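The structure appears right after this line, and notes come after that.
The values are calculated or read from the model by the stated rules, or taken from the named source; none is laboratory data. Bear in mind the structure is a predicted one, so any value in this text is a computation, not a measurement. Counting neighbours? That spans all protein chains shown, and the Cβs are built from the backbone with ideal geometry, glycine included. Please note that ligands, DNA and RNA were not included when accessible areas were found on the heavy atoms of the full protein model with its side chains. Shrake-Rupley method; radii C 1.70, N 1.55, O 1.52, S 1.80 Å.
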Amino acid sequence: MNPVEASASSAEKILLAATDLFAANHFNGVSIKEIAKKSGVNSALISYYFGGKKNLYQEVLNEQSNLFLNLIARVSSKDIAPLAKLREYITAISEVQKLHPHRIHLIYRELLTPTFMCDSFIKNRLYKIHKFMSELVTEAIADGSIRNNMHSLHM
């Protein structure tokens, strides 16, 4: 256990362990016992803090998508050209991926093998990311930074 994990609260330990396990095995491949064992806490605390495995999974997906949404907020607030914003966003995502390379698998798995969360997750979270990027591409096409024969939704 690294120093950050050692000083984390029980809820944080559960969230970290669940994130790793769900990224590796998806929702149906992870048990409450496994999460408790990996986090080093009593399994009853999962229900206490999160209300069960489904709510914990929802929180894990929300936390991962928050990384992207927070980057969007940070990049959007800058007064720079659309292409520069797009580059900065992609660079920041790359840095997150370097630190936690397996965590994007959570989102990919949810898209490829949907669970109970898929519809609301896509509508409430992933669509915002898609919209942000396609709007930046549209703006970059309009200002001549990207060729005008490109379609923003395909990029």
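Results, tabulated for the structure shown:
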{"read-out": "Heavy-atom accessible surface of region 27-155: percent carbon and sulfur, 1.4 Å", "value": "54 percent"}
{"read-out": "Accessible area expressed per residue, the chain, with surrounding protein chains retained (probe 1.4 Å, Å²)", "value": "59 Å²"}
{"read-out": "Normalised alpha carbon radius of gyration of the chain [divisor 2.2 N^0.38 Å]", "value": "1.21"}
{"read-out": "Restraint check, Lys54/Lys123; Lys54/Lys85; Lys85/Lys123, Cα-Cα greater than 27 Å", "value": "Lys54/Lys85"}
{"read-out": "Region 81-155: trypsin sites (Lys or Arg not before Pro) in DSSP coil with no more than 10 other Cβ atoms inside 10 Å", "value": "Arg147"}
{"read-out": "Spatial separation of Cα centroids for region 41-55 and region 100-146, in angstrom", "value": "29 Å"}
{"read-out": "Of Lys38/Lys78; Lys33/Lys98; Lys53/Lys131, pairs whose Cα-Cα distance is over 32 Å", "value": "Lys38/Lys78"}
{"read-out": "Potential extension, Ser31-Lys128 segment - 0.36 nm per residue separation minus Cα distance", "value": "31.9 nm"}
